[in-house]
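Below: one structure, written as structure tokens.
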Amino acid sequence: INLFWCGQDMLRWIAKRKPYPHQKRLIQYAYSADSFQSKKHEFEKLKQGKRKEASAPTKGRLTNMKHIIPIASGKGGVGKSTTAVNIALSLAAQNLTVGLMDADVHGPSIPTVMNLKGKKAIVENQKIQPLMNFGIKCMSTGFLVDEDKAMIWRGPMVIGAIRQILTSVEWGELDYLIIDLPPGTGDASLTLAQEVEIDGVVIVSTPQDLALADVSRGVQMFNTVNVPVG
């Protein structure tokens, strides 16, 4: 019997009917210095605190990066990667230190559009070294695996790869980190939006109805996790 929740009347009823030894101990505990109701109230507060903590994950600011701007789209093939590269090049032309991260684990495009296709990243001092071109530090899963190898990864592995690129790459001090997100609202986009403090996200689309419908869902997702949409 869960005596802690059965109330004062039930406790008295059990006490009158010669309770078993383990029930006696529970009755004594329930009638101890703190009252039954106060213990119940404390337990409810603890449950509410745990629930609130679980529903509101804390976002972290990467201290070596002044600004983090993801480039997203609802649908693939709308020019998202090209837009990300052009933004990075424009910022680098203003003598700013810029990093370009490819978060599309299953279909990396940055090696191709940054003319780094076939190049491999190396590890020095337990840090992955980004590749440089046009004055921009670049990192992609395309620099870590063979070009013709399919990335057959489930959600947890994708999330782990995103976290590793963010924290295990020797980015140095950056004015801007531009992130080329995969299409849709999957694990990569959600992980970044929930765990990293983002200055704002740029949404790329074409004017077709199918593309705009997917973009609308992407905007709703970022609004839900309190990420500004530019």
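The values are calculated or read from the model by the stated rules, or taken from the named source; none is laboratory data. Everything numeric here is computed off the predicted structure, so don't read it as measured data. For neighbour counting, all protein chains shown are included, and Cβ atoms are generated from backbone atoms with ideal geometry for every residue, glycine included. Surface areas here come from the heavy atoms of the whole protein model, side chains and all, with no ligands, DNA or RNA. Shrake-Rupley method; radii C 1.70, N 1.55, O 1.52, S 1.80 Å.
A few points about this structure:
- The one condition in (1) acidic (D, E); (2) at pLDDT 85 or above; (3) open to solvent by less than 70 Å² (accessible area, probe 1.4 Å) that E173 fails to fulfil: (3)
- All of I178, I128, I136 fail the test of being modelled with pLDDT of 90 or more, over 20 Å from S81 (Cα atoms), of a type in the set (A, V, I, L, M) and surrounded by 14 or more Cβ atoms within 10 Å (Cβ to Cβ), apart from I128.
- Yes/no for Q48 being loosely packed, with under 12 Cβ neighbours inside 10 Å, modelled with pLDDT of 55 or more and not in a loop (DSSP other than H, G, I, E, B): yes
- Check on E197, under 20 Å from K127 (Cβ atoms), open to solvent by 40 Å² or more (accessible area, probe 1.4 Å) and touching a residue at least 40 places away in the same chain (Cβ under 8 Å): no
- Segment 136-153 residues that are of a type in the set (K, R), paired with ones that are open to solvent by less than 90 Å² (accessible area, probe 1.4 Å) and in a strand (DSSP E or B) (beta carbon under 6 Å, 6 or more apart): K137/G99
- In segment 160-186, the residues that are acidic (D, E) form Cβ pairs under 6 Å with partners that are open to solvent by 30 Å² or more (accessible area, probe 1.4 Å), at six or more places apart or across chains, as follows: E170/K127; E170/Q129; E173/N64; D175/K66; D175/L96; D175/T97.
- Any hit, segment 189-197, residues being at pLDDT 95 or above, β-branched (V, I, T), within 19 Å of K80 (Cβ to Cβ) and not in a helix (DSSP H, G or I): no
- Selection from segment 72-114 of residues that are open to solvent by 20 Å² or more (accessible area, probe 1.4 Å), of a type in the set (A, V, I, L, M) and either touching a Leu at 6+ places or on another chain (Cβ under 7 Å) or within 22 Å of L210 (Cβ to Cβ) (or both): V78
- Among the residues of segment 139-159, those identified as part of a helix (DSSP H, G or I) and either surrounded by 14 or more Cβ atoms within 10 Å (Cβ to Cβ) or in contact with a strand residue (DSSP E or B) (Cβ under 7 Å, 6 or more places away or on another chain) (or both) are T141, G142, F143, V158, I159.
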